[in-house]
Amino acid sequence: MTALVAALDAMLKTVDVRVLGRHGVGSGWLTVVIEGVVSDVEAAIRIGRSEAENHGELISADVIAGPAPGALASMPHMAGAGTSKPVGSLAMGILETRGMVPLIRGADAMIKSAPVHVAGWTSIGGALVHLVVRGDISSVQTALQAGRACADEVGEVYATLAIPSPEAGIAPLLPDPPNSDGREEDAGALGILETTGYVSAVGGSDAMVKAADVDLVRLVIASGGRVDALVKGDLDAVQAAVEAGIDGAQEAGELNASCVVSRPSSEIMACFGGNTVRNTSGLHQAMGLIETRSTVALVKAVDQMLKSADVEYEGRYKVGYFLTASVVRGDVGAVRAALNVGAGEAERYGELVSAHLIPHPYPALEERLIH
């Protein structure tokens with residue numbers, strides 16, 4: 001996204017072209033489409049190529065002279081046209097990382113190091129996530145420097161970008177603003193556990209809330225098959241919870257990263273916190289989770305689980321990277337039997353990633369499940 005924003009901003013500043021929309025292809029590949037007279041579009045693409053290569057990886061660029069209307073009408077990028085997001089005149093800074101652990105750590109450092117505010121964040125695929133801050137250009141540059149340094153300590157920084165005066169036409173590329181009711185939220189610490197796959201995230205979350213007096217803030221998708229569990233509480237409790245969560249995640253599946261942010265800013269809590277609490281009446285039975293890297297394997301596994309044991313299908317969640325998890329409920333013995341059958345069936349028809357039993361799910365966990 002950093003390379004695409006830099007390219008589009010330069011194109012719009014230099015040549016008279018208009019943005020038709022954008023499209024996320026998957027695996028972190030992004031496309032932006034512009035229109036105008038042929039000579040202007042050709043000039044814009046030359047500028048955009050150069051700028052994109054300076055800030056990231058250019059996949060491809062092309063000019064279609066006189067495109068057929070029928071060929072454009074159903075193109076998915078058209079859904080991103082005509083956005084009403086305000087861009088404003090403040091300078092813009094983008095921090096893009098692989099995974100949310102370095103993003104949250106870097107974002108907190110940015111807010112604490114300079115008078116900037118978070119304008120939103122989102123994931124784009126391939127485990128890439130990015131966050132936008134706004135302020136005067138000097139503050140944005142200072143914030144990016146601090147954010148990159150802190151993010152580098154816990155993960156991979158993919159790119160950073162500062163734009164002194166962003167063009168209004170880049171609006172289709174910007175994330176939605178944070179959902180906030182204006183309340184200031186303080187926390188002694190914020191703990192982040194990042195896994196590859198849903199099963200390991202749920203297993204790690206269950207371990208965290210059982211090990212220490214912490215609140216599970218939310219489960220959130222970071223793209224590329226990664227899921228993040230966020231907990232808050234006193235520093236000692238959050239550290240103990242994350243340590244337990246690491247073991248729980250590794251027992252259930254694959255741990256990717258973790259970190260603890262001491263005294264996170266209220267703006268970071270407002271940006272990354274907040275999740276709809278679902279109705280948990282009638283739950284609290286044992287939970288069986290099975291995750292595969294194949295739709296066929298998952299369907300066959302769930303079918304045999306439901307036929308072989310007295311369990312009920314509760315739902316599924318697709319996390320990207322070809323990973324999908326399904327959840328069944330019942331008494332402990334029935335769920336264990338179902339998982340044994342399901343694991344064998346999944347291995348026959350595809351790749352089994354994880355099969356995990358939680359005998360007694362914690363109520364605080366059940367409120368935050370996203371399947």
Task: Scope segment 160-172; condition open to solvent by less than 60 Å² (accessible area, probe 1.4 Å), out of contact with any Leu (no Cβ under 6 Å at 6 or more places or on another chain) and within 17 Å of ALA44 (Cα to Cα); matching residues - done: PRO166
- [ ] Report yes if some residue within segment 296-303 is open to solvent by 10 Å² or more (accessible area, probe 1.4 Å) and more than 31 Å from the chain's Cα centre (by Cα); otherwise report no.
- [x] no
Open item on the list: Looking only at helices (runs of 4 or more DSSP H) that lie completely in segment 196-310, which have at least 2 residues being touching a Leu at 6+ places or on another chain (Cβ under 6 Å) and not β-branched (Val, Ile, Thr)?
Closed with: 198-211, 235-252
Open item on the list: Test of understanding: among ARG329, ARG316, ARG348, which residue is assigned to a strand (DSSP E or B) and open to solvent by 50 Å² or more (accessible area, probe 1.4 Å)?
Closed with: ARG316
- [ ] Assess whether VAL87 counts as being open to solvent by 30 Å² or more (accessible area, probe 1.4 Å) and outside any helix (DSSP H, G or I).
- [x] no
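Residues checked against (1) open to solvent by 70 Å² or more (accessible area, probe 1.4 Å); (2) at pLDDT 95 or above; (3) not hydroxyl-bearing (Ser, Thr, Tyr); (4) not in a helix (DSSP H, G or I):
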residue	(1), (2), (3), (4)
VAL19	no, no, yes, yes
ARG22	no, no, yes, yes
VAL25	yes, no, yes, yes
THR31	no, no, no, yes
ILE45	no, yes, yes, no
GLU57	yes, no, yes, yes
PRO67	no, no, yes, yes
TODO: Return yes when LEU8 is assigned to a strand (DSSP E or B), among the aliphatic types (A, V, I, L, M), touching a residue at least 60 places away in the same chain (Cβ under 8 Å) and open to solvent by less than 40 Å² (accessible area, probe 1.4 Å) and no when it is not.
DONE: no
Task: segment 121-148, subset polar (S, T, N, Q) and in a strand (DSSP E or B), residue farthest from LEU323 (Cα to Cα) - done: THR122
TODO: Return a yes/no flag: does segment 113-128 have any residue that is touching a His at 6+ places or on another chain (Cβ under 6 Å), over 19 Å from CYS150 (Cβ atoms) and either modelled with pLDDT of 95 or more or not β-branched (Val, Ile, Thr) (or both).
DONE: no
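The values are calculated or read from the model by the stated rules, or taken from the named source; none is laboratory data. Since we're looking at a predicted model, the values are computed, not measured. When we count neighbours, we look across all protein chains shown, and the Cβ atoms used for this are built from the backbone with ideal geometry, even at glycine. To get the accessible areas, we keep the full protein, side chains included, count just its heavy atoms, and leave off ligands, DNA and RNA. Shrake-Rupley method; radii C 1.70, N 1.55, O 1.52, S 1.80 Å.
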